[in-house]
1. Hey, what angle do you get for helix 230-246 against the long axis of the chain, alpha-carbon based, 0 to 90 degrees rounded to 10?
2. For the chain, what does the relative contact order come out to in percent, with C-alpha contacts under 8 Å and a separation of six or more?
3. Let me know the shape class of the stretch 38-88, please: from the alpha-carbon gyration tensor, a ≥ b ≥ c as square roots of the eigenvalues, rounded when a/c is under 1.5, otherwise prolate if a/b is greater than b/c, or oblate.
4. Rank Thr43, Leu19, His63 by how far each Cα sits towards the positive end of the charge dipole of the chain (+1 on Lys, Arg Cβ; -1 on Asp, Glu Cβ) and give me just the farthest.
5. Report the Stokes-Einstein translational diffusion coefficient (µm² s⁻¹, integer) for the stretch 212-278, Rh taken as the Kirkwood radius over Cα pairs, at 10 °C with viscosity 1.306 mPa s.
6. How large is ³J(HN,Hα) for each residue in the stretch 196-213, as worked out from phi by the Karplus curve 6.51 cos²θ - 1.76 cosθ + 1.60 (θ = phi - 60°), to whole Hz, x for Gly and Pro?
7. Which value, in debye to the nearest 20, gives the size of the charge dipole of the stretch 171-275 about its Cα centre, when Lys and Arg are +1 and Asp and Glu are -1 at the Cβ?
8. If you average over every viewing direction, what projected area does the convex hull of the Cα atoms of the stretch 5-141 give, in nm²?
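Where a number appears in this text, it was derived from the coordinates with a stated rule and is not lab data. Being a predicted model, the structure only gives us computed values, none of them experimental. Here Cβ is always computed from backbone atoms with ideal geometry, including for glycine, and neighbour counts include all displayed protein chains.
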Amino acid sequence: MPNIGIYHPAIVHFAVALLVAGAIFRWISLSGRAAFTGPAAATLLLAGTLAAAAAVHSGLDAHGPVERIPGARQAVVDHEDAGKWARNIFLIVALLEVVALATRRRSLNVARGALWGSALVSVFGLAALYKTGNRGADLVYRYAGGVGTRYGDTADVNRLYLAALYQSAQQARNQHDSARAAQLFGQLWRQYPNDTTVRFLFIESLVRDEDDGRLALRALANFKVPPDDRRLRLRYGFLKADAYLAAGKPDSARVTLEQLARDFPDMQRIKDRLAEIK
């Protein structure tokens, strides 16, 4: 079979949607209500099992680069094992569905027993599916598995580096380590000097982490905000007011916020900030 590793995320979502819907419909069908749910359940469960098999195959095709990330190998193995287990359970479900379809005219009792077996086994299948998804989420959110490997685009790796610097800086700030937070936000700005959001973060760090309002005001003086960009104008105005306060100029901060209030009279947050200063 061809290498389909890059399609793994999409295939997985199809498998999950089909199998969950199929299991729910199978249980509804056994109640005798909504007659359409019986054929729908069979179709969904059979299609979902095929998708689960494709998901396992695509995952095995994709695992190599992810497994080579330091510290990620065991997480990859755990995800693969859980995926194979879920696939195997739904292969049993699919077999029971086929038995029910093949015997429904010859032996109603056998067919109904197979359907009950399918419904019961599908519960274990859904549990295995949840475990697989949880292990996959660990790869994505705890190990950054696959970043930069899916399409080989260097921009993906750059975004990962940017995110890592940002999260590390925020973590340092949350731990009240202002010196490290300032260092990391400074590094972020040096790496991405043309990114508007990064520039705002760096200037904000001058105020929050270094308490250097004067330097922040000088940096803001060189910042050109598009007049039609509401979000940036608000962020610029709030940050400028904070910089004035850090520089010991509350009157200038008040003037800045009053101008902002005139430009955006619907913003309660501006009124609240003015009340704080007064």
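1. The helix 230-246 is inclined about 50 degrees to the chain.
2. Values: 310 pairs, mean separation 31.4, N = 278.
Averaging sequence separation for qualifying contacts and normalising by length gives 11 percent for the chain.
3. Working: a/c = 4.83, a/b = 2.92, b/c = 1.66.
Judged from the Cα gyration tensor, the stretch 38-88 comes out prolate (a/c at least 1.5, a/b above b/c).
4. Farthest along the dipole direction, towards plus: Thr43.
5. Working: Rh = 12.0 Å.
The estimated diffusion coefficient comes to 133 µm²/s.
6. Here the 3J(HN,Hα) series is 4, 4, 5, 4, 4, 4, 5, 5, 4, 5, 4, 7, 7, 9, 10, 6, 10, x Hz.
7. Numbers: 19 positive and 15 negative charges, 30 e Å.
With Lys and Arg at +1 and Asp and Glu at -1, about 140 debye.
8. Working: hull surface 31.7 nm².
Its Cα hull, projected and averaged over all orientations, spans 7.9 nm².
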